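The values are calculated or read from the model by the stated rules, or taken from the named source; none is laboratory data. Since we're looking at a predicted model, the values are computed, not measured. Note that each Cβ is placed from the backbone with ideal geometry, even for glycine, and that neighbours are counted across all protein chains shown.
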Amino acid sequence: MRVRPLLPLLCALALLVGLPDRTHAQDFDIDLSQCREQLKAFARPQLDCPVSVTPTDRGLERVPEVLRQLLSGLTCTTQLRANKADVYGQWITPGRFDPPRKQIVCQHSQIKNQRLSATVDVTCTRDGDSWSCPPGVEKIEGAGMLSQYLTQYLNQGSGLWKGLEEELAKRD
């Protein structure tokens, strides 16, 4: 059974054009509504919109127990700022998906004044009919000793990168 993690905002960026306003992808909710509206605005050459991700109950059931309490109630956001021309001129090119490195900030609904932040770098390349996306969660701060475990989980045990590869292959 494959597990998708809590912090798949990079997946949201990869799927920005193809998802409905509110997506329930197995283990998380992704809100892209403001970005979607800006993409539809033909005369607006810029994107400047928030993307947020919240885990579903189903997703939390599949997270290792040591991380479950930390991730329950967490909402992660990032601001997507770009020239629309850059999306297909630089981020998405034949056989390559390479958006800019993103800082993702997470806030817990029950813990005020404490944040998790993560740096995520995505570079995916196509080889034949498949895609390869090396793990790209570089650093998580704000979770104390769990930061390293969470980084390792997202990069190796969560299925995030395999899921991104599969989604890119579907949309190729």
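Overview of results
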| read-out | value |
| --- | --- |
| Count - residues of the range 59-104 that are of a type in the set (Gly, Ala, Ser) and out of contact with any strand residue (DSSP E or B) (no Cβ under 6 Å at 6 or more places or on another chain) | 3 |
| Flag for Cys49 being at pLDDT 85 or above and within 20 Å of Tyr149 (Cα to Cα) | no |
| Meets criteria (surrounded by fewer than 16 Cβ atoms within 10 Å (Cβ to Cβ), without any contact (Cβ under 8 Å) to a residue 40 or more places away in the chain and among the β-branched types (Val, Ile, Thr)) for Thr75 | no |
| Residue list for the range 88-101, restricted to those being of a type outside the set (D, E, K, R), assigned to a strand (DSSP E or B), farther than 28 Å from Leu116 by Cα and under 19 Å from the mean Cα position of the chain (by Cα) | Ile92 |
| Cross-chain or 6+ apart pairs with Cβ under 7 Å, the range 94-113 first and of a type in the set (Gly, Ala, Ser), then not in a strand (DSSP E or B) | Ser109/Gly73 |
| Per-region count, the range 1-46, residues modelled with pLDDT under 50 and assigned to a helix (DSSP H, G or I) | 6 |
| Some residue of the range 69-87 being closer than 20 Å to Phe28 by Cα and in a loop (DSSP other than H, G, I, E, B) | yes |
| Positions within the range 89-108 being within 15 Å of Gly142 (Cβ to Cβ) and out of contact with any helix residue (DSSP H, G or I) (no Cβ under 7 Å at 6 or more places or on another chain), in sequence order | Gln103, Val105, Cys106, Gln107, His108 |
| Selected residue (criterion: nearest to Asp29 (Cα to Cα)) from residues of the range 47-68 that are touching a residue at least 40 places away in the same chain (Cβ under 8 Å) and assigned to a helix (DSSP H, G or I) | Gly59 |
